[in-house]
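> Have a look at this one before I ask anything.
The values are calculated or read from the model by the stated rules, or taken from the named source; none is laboratory data. In this text the structure is predicted, and so the values were computed from the model without any measurement. Every residue, glycine among them, receives a Cβ derived from its backbone with ideal geometry; neighbour counts consider all protein chains shown. Quick note on the areas: whole protein, heavy atoms, side chains included, nothing else; ligands and nucleic acids left out. Shrake-Rupley method; radii C 1.70, N 1.55, O 1.52, S 1.80 Å.
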Amino acid sequence: MGMTMTQKVLAAHAGLDSVKAGDLIEAKLDLVLGNDVTTPVAVTAFDEAGLESIFDKDKIAIVLDHYTPCKDIKSAQLCKQAREFAHRFGITHFYDVGQVGIEHALLPEKGLVGPGDCVIGADSHTCTYGALGAFSTGVGSTDMAAGMAMGENWFKVPAAIKVTLTGSLPPYVSGKDVILHLIGLIGVDGALYKSLEFQGEGVASLTMDDRFTIANMAIEAGAKNGIFPVDEKTVEYVTGRLDRPYTAYEADPDAEYDREVVIDLSALKPTVSLPHLPSNTKTIDEVKGMPIDQVVIGSCTNGRISDLRMAASLLKGRHVAENVRCIVIPATQEISLQCARERLTEIFIQAGCAFSTPTCGPCLGGHMGCMAEGEVAVATTNRNFVGRMGHTESKVILASPAVAAASAVAGCLASPLDM
């Protein structure tokens, strides 16, 4: 029996000719990632285990993105612990205030991840890098500690779901709508410990930003990872960023999948996830008019330049409704600069938005947008669990940048097609 893309990456990194679903393997790592929340826990485990060295200072990345610039004394202490560890071992890819970005947008931008890589990160949305044809997955902080020391990690080889994409996306429909639609179809545990393998002629029509968004939210369906084939768009993206050889793996024609899900991209509509699960999906036409208090445009899911261009195109010449707060957060410093070059920053501010430095902040109810009791937010983030963005009686509606921007102007859930 042939292998899926994920299985081929894992076999190569385990030094094996082949693997199958359910196998337990030890695989070499190309990158180990941590942030300001998870790295301190990993550092504590590292030190308590008596470890005294790291496997490769160039293959560890520490990104202080969740609560930075630090919101309080506790977050400052966490950042200090991560900072001291990075300096102790001379970690090359350490990103602090001024150079920081949201980790899952920053690492691809910096060329730290490429096709065929095997990556772990102490953050559940590490699965983002599957957009580049890499196997990447989230792990616990103790696994991060072991990975930093040994450069290896053990895996149970996942079974796979084949997601076949056909057609191309209509106007104002993006990768966010694709993944919300998929999660709505299969549920938040529909791909539990499986690989979501995206294939089909529709893949070619998706931008890299669409693919990053889709892979980013594979975990919201319970998946171990999501992965896309390497094509011309992938090669174009990594060219000039990645300064090392890479391997593009393809699934075998006789690869085994647990099931196949077919999505006609051309039939999709702007889609949202209502509280309190990403699988609670509706098309915007079914729910528009619902009152809201806040809009957040950003995060590791939708803070890239194409996301902000889309939002700006809808906000230009318009103003955020009086009853709504709108917060715009570019995912990296480079994206912030690009917003300035293209005068998007000016559009956002003139429209009445708060424009932030890169941070994960409001996505996890950390800072820069926590909600009070009873408030409702439309957010381009990836989770809408109870209390995710503040008070346990607040609510989060997941949406694309287009829907979020339209809603900010309308003062309620709104469709960009109506603007």
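> Please identify, among Lys194, Lys74, Lys269, the residue showing maximal mean-square fluctuation in a Gaussian network model of the chain using a 10 angstrom Cα cutoff.
Maximum among the listed residues: Lys74.
> Just to be sure I understand: of the beta bridges DSSP finds with both ends in the chain, what percent are antiparallel, rounded to 5? Write down the numbers at each step before the final one.
Details: 10 of 54 bridges.
So the antiparallel bridges in the chain amount to around 20 percent.
> Then there's this: Ordering Asp177, Asp72, Asp23, Asp243 by accessible area with a probe of 1.4 Å, largest first, what comes out?
Asp243, Asp72, Asp23, Asp177
> Right, next: Of Lys269/Lys395; Lys8/Lys156; Lys8/Lys162, which sit over 18 Å apart, Cα to Cα?
Working: Lys269/Lys395 23 Å; Lys8/Lys156 14 Å; Lys8/Lys162 15 Å.
Flagged as over cut-off: Lys269/Lys395.
> For the chain, modelled as a GNM with alpha-carbon contacts under 10 angstrom, which of Pro291, Pro330, Pro253 fluctuates the most?
Judging by the Gaussian network model, the answer is Pro253.
> Where does each of Lys162, Lys28 land when they are ordered by accessible area, with a 1.4 Å probe and the largest first?
Details: Lys162 55, Lys28 120 Å².
Final ranking, largest accessible area leading: Lys28, Lys162.
> By a straight-distance test (C-alpha under 22 Å), which lysines pair with Lys57 as possible cross-link partners, with residues fewer than eight away in the same chain excluded?
Filter leaves Lys28, Lys80, Lys110.
> Output needed: Cys residues of the chain lacking any neighbouring Cys C-beta below 4.7 Å, sorted by number.
Unpaired cysteines in the chain: Cys70, Cys79, Cys118, Cys127, Cys300, Cys339, Cys360, Cys363, Cys370, Cys412.
> When the Cα centres of region 89-112 and region 190-208 are compared, how far apart do they sit, in Å?
26 Å
> Under a Cβ-Cβ cut-off of 15 Å, what is the net charge of the residues other than Leu277 that fall near it, where Lys and Arg count +1 and Asp and Glu count -1?
The answer is +2.
> Using modelled backbone amide H atoms (1.01 Å from N, in-plane), which distant-in-sequence or interchain residues come within less than 5 Å of Leu33's amide H?
Ala61, Ile120, Gly121, Ala122
> Here is a follow-up. Measure off 7 Å from each Cα along the Cα-to-Cβ vector at Ser124 and Thr239, then give the distance between these two points in nanometres to one decimal.
3.8 nm
> What is the distance in Å between the Cα centres of region 389-408 and region 306-357?
16 Å
> Among Leu180, Leu398, Leu29, which one shows the highest mean-square fluctuation when the chain is modelled as a Gaussian network with alpha-carbon springs under 10 Å?
Looking only at Leu180, Leu398, Leu29, the biggest GNM fluctuation is shown by Leu29.
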